[in-house]
Structures are given as C-alpha cells and as structure tokens.
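Have a look at the structure below before the remarks.
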Amino acid sequence: MENDDLPITHSGYIAIVGRPNVGKSTLMNHILGQKLSITSRKPQTTRQQILGVKTEGQTQAIYVDTPGLHLGETKAINRFMNKTAASALVDVDIVLFVIDAERWTQEDESVLLKVKQASCPVILVVNKVDKLVEKDELLPKLSELSDKMNFAQIVPISALRGKNLDRLENLIEGMLPEGEQFYPEDQITDRSSRFLAAEIVREKITRQLGQEVPYEVAVQVEEFSYEGSTLHISALILVERNGQKRIIIGEKGEKIKLIGKESRIDMENLFQYKVMLNLWVKVRSGWSDDERALASLGYQDE
Ligand SMILES: Nc1nc2c(ncn2[C@@H]2O[C@H](COP(=O)(O)OP(=O)(O)OP(=O)(O)O)[C@@H](O)[C@H]2O)c(=O)[nH]1
Ligand SMILES: [Mg+2]
C-alpha cells in the first residue's frame, strides 16, 4: 500500500487536573467505560498518575488521571502527589481542568495559576452539575467562570451520571493532533496488573475506613500468579501505627474480611479470572514522610 493510502490517524495526551475530590478519576473511568482508576468520597484518593487509553477507529485519546493538586504539603507523599499532578501539564495536547459546579475554592485558584502556564488548550470541565438544586444557577456560573482565563471551551458535565460526556469527547477528538497512535489498540493503560490490584485494595480501605486511616495506608502486591484456573494475589497493607492495624483488621477480623471480599469482586471483574486473595497488615512507621520508603513503594518520579 502506498503511504498516501494510509488512513490519517489522530492521537494525543489529555491531562485531567484539578483539586482533590472534584471527580477526575470518575470522569476518566466513565469515558473509558471501565473502572481503571480508584475513586472515593475522600479527597486525595489518587496518588499516582495513571493513563487510560481509548482507541476508536483512527483516533487514540490518552487520558492522564492525576492526583488532586492540594495546598498544605505536610508530608513527602503530599509533595510527591502535587509534583506528579503538576508534571502532567507538560507535554500534553489538551488539559481538562476539572472543577466542582457547587463551589470554586482557594485550591481551584491555585490550580488555575498552574494551568495558565500550560502551553496547550485548556478545557474547563464543570463537573457534578447533577448536584445543583437550582438549574438556572448554571448559566451565570459559567459566564463568571469564563472570566478566569481564556479557556478553549467550558463544558458542564456530570461524570457520575455520564451527562454531556459525548460532547466533551467530541470536542477532544476535534482537538487531537494528527499523528501515529502511541499504544496498541487493545491496550487500556500503562499500569501493570499488580499496580491495579494494589489500587483496588487501597480503594476498599479508603471507602471502608474513617477519616484519617486511609491517608496513612499503602498497599504492595507481593504475589500475582496464575495457577490453573485461579489467579493468586497476595497484598501487604502498610500502616503507620499499631492502632491503624487494629482498625483495618477490625473486631474478629470482620473489617479485613470485608475489604478482601470487595477487592476480590473488583479484581475478578477487571482481570476476568477467578481470584484467590490474601491480605496482610504490617506497621511501617514513617513510610508516608520518608522519601526512601516512598520510592520502594513505587511513589517515585518517573
Ligand atoms: N454527584 C456527583 N458526584 C460525583 C460526580 N463525579 C464524581 N463524583 C463523586 O465525587 C467523589 C470524588 O470522585 P473522584 O473521582 O474520586 O475524585 P478525584 O478528583 O479523582 O479525587 P482525587 O483522586 O482525590 O484527586 C466520589 O464520591 C464520586 O462518586 C458527579 O458528576 N456527580
Ligand atoms: Mg482521583
């Protein structure tokens, strides 16, 4: 086939940025039609960048889900998360700046300063519009937001309900540059199955446990092996303190049993395999504020 006969392909990177808890990971999952990135009601759920690749026909959109940019970098893990999120603004083709339709905060203001420095088009994504009680609030809100910077577009959506996502995706598609596809069409992420498994466990802990524990939990997959018709996964849950270990295990082991059961169901869905899951809890004090420990847990600059 002559070169001229090859179909023209479009592909590129789309960074999803914003303060914690605005729905970045929910948005990526709904666009992909697959639960790839973990989500929860608590802020600072996503800790590491994760790619979600969507290939349709001649177009490959590579979404970059990032940790929420936040103020108050108290620990090394927080510095790592902010650095990771900010670095996603470099070398991408489109930025989706996600905010919560209900409120604009100080943290949004500091994200705005960062996205203003991006050299590519920025789409303001106003999420959670389903939560607005007065629907006629929306238009004046959007007009106010349009003064904040020169956005390429402003798109109100509900990531959770899948509302207006087709419009957002069409806009993105029209903005992606011509070029070869970066990933094979059946690849959906850059992350390993081990990483995804560890994240599933962290999600269940984050969703099951109270306020402070999830921020001091890390999960490491120690075994990931296919044996016959079963996938064996062992994961180590690291906490900062003994009290946290007791909370995660729960009375008579009830809590960890529940975390294990919910994790297994998600893993079986994702890997399409029967899963045997073993969970262990260990105390490793200081991991979240220790650069070396962070690196050994995979929280390191790429
Ligand atoms: N009502 C409503 N809730 C939403 C919507 N999108 C996300 N949420 C909820 O908002 C919470 C946070 O969602 P995430 O996707 O984890 O948010 P995030 O921006 O990735 O958060 P971090 O990873 O912590 O930065 C979850 O409880 C979601 O279910 C939406 O469109 N409407
Ligand atoms: Mg997230």
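Quick rundown of the values:
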item	result
Average accessible area per residue (Å²) across the chain - probe 1.4 Å, nucleic acids and ligands excluded	50 Å²
Alpha carbon centroid spacing (whole Å) that separates segment 234-260 from segment 59-111	30 Å
Förster-model FRET efficiency, 30 Å R0, SER234 and LYS163, C-beta, rounded to 0.05	0.15
Sulfur and carbon atoms: percent of accessible area, segment 1-105 [1.4 Å]	46 percent
Protection proxy ranking of 84-97, 22-35 - average other beta-carbon atoms within 10 Å, highest first	22-35, 84-97
Proximal aspartates and glutamates to LYS128, defined as alpha-carbon separation beneath 18 angstrom and excluding residues fewer than eight positions away on the same chain	ASP65, ASP100, GLU102, GLU107, ASP108, ASP136, GLU137, GLU144, ASP166, GLU169
Accessible area of segment 193-296 belonging to carbon and sulfur atoms, whole % at 1.4 Å probe	48 percent
Anchor LYS252: lysines whose Cα lies under 23 Å away (excluding residues fewer than 8 positions away in-chain)	LYS204, LYS261, LYS282
Equivalent ellipsoid dimensions for segment 10-175 as semi-axes, Å, which come from the Cα gyration tensor, largest first	21, 20, 16
Sorted peptide list for 245-251, 46-52, criterion being average Cβ within 10 angstrom, highest first	46-52, 245-251
Cα-based Rg and Dmax for the chain, where Dmax is the largest Cα-Cα distance (Å)	20.2, 69
Links that overshoot a 27 Å alpha carbon limit, given the list LYS42/LYS245; LYS83/LYS148; LYS35/LYS135; LYS54/LYS75	LYS35/LYS135; LYS54/LYS75
DSSP beta bridge pairing in segment 10-175, given as percent antiparallel to the nearest 5	30 percent
Segment 93-174: proportion of alpha-carbon pairs further apart than 21 angstrom, %	25 percent
For peptides 219-228, 68-77, 122-131, sequence by mean Cβ density within 10 Å, most packed first	122-131, 68-77, 219-228
Phi to ³J(HN,Hα) by Karplus 6.51 cos²θ - 1.76 cosθ + 1.60 over segment 170-182, Hz, x for Gly, Pro	5, 4, 4, 4, x, 9, 6, x, 5, x, 6, 6, 7
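The values are calculated or read from the model by the stated rules, or taken from the named source; none is laboratory data. It should be emphasised that the depicted structure is a prediction, and the values quoted were computed from it without experimental measurement. Cβ coordinates were reconstructed from backbone atoms using ideal geometry, including for glycine residues, and neighbour counts include every protein chain displayed. Just the protein is used for accessible areas: all its heavy atoms, side chains included, with ligands, DNA and RNA removed. Shrake-Rupley method; radii C 1.70, N 1.55, O 1.52, S 1.80 Å.
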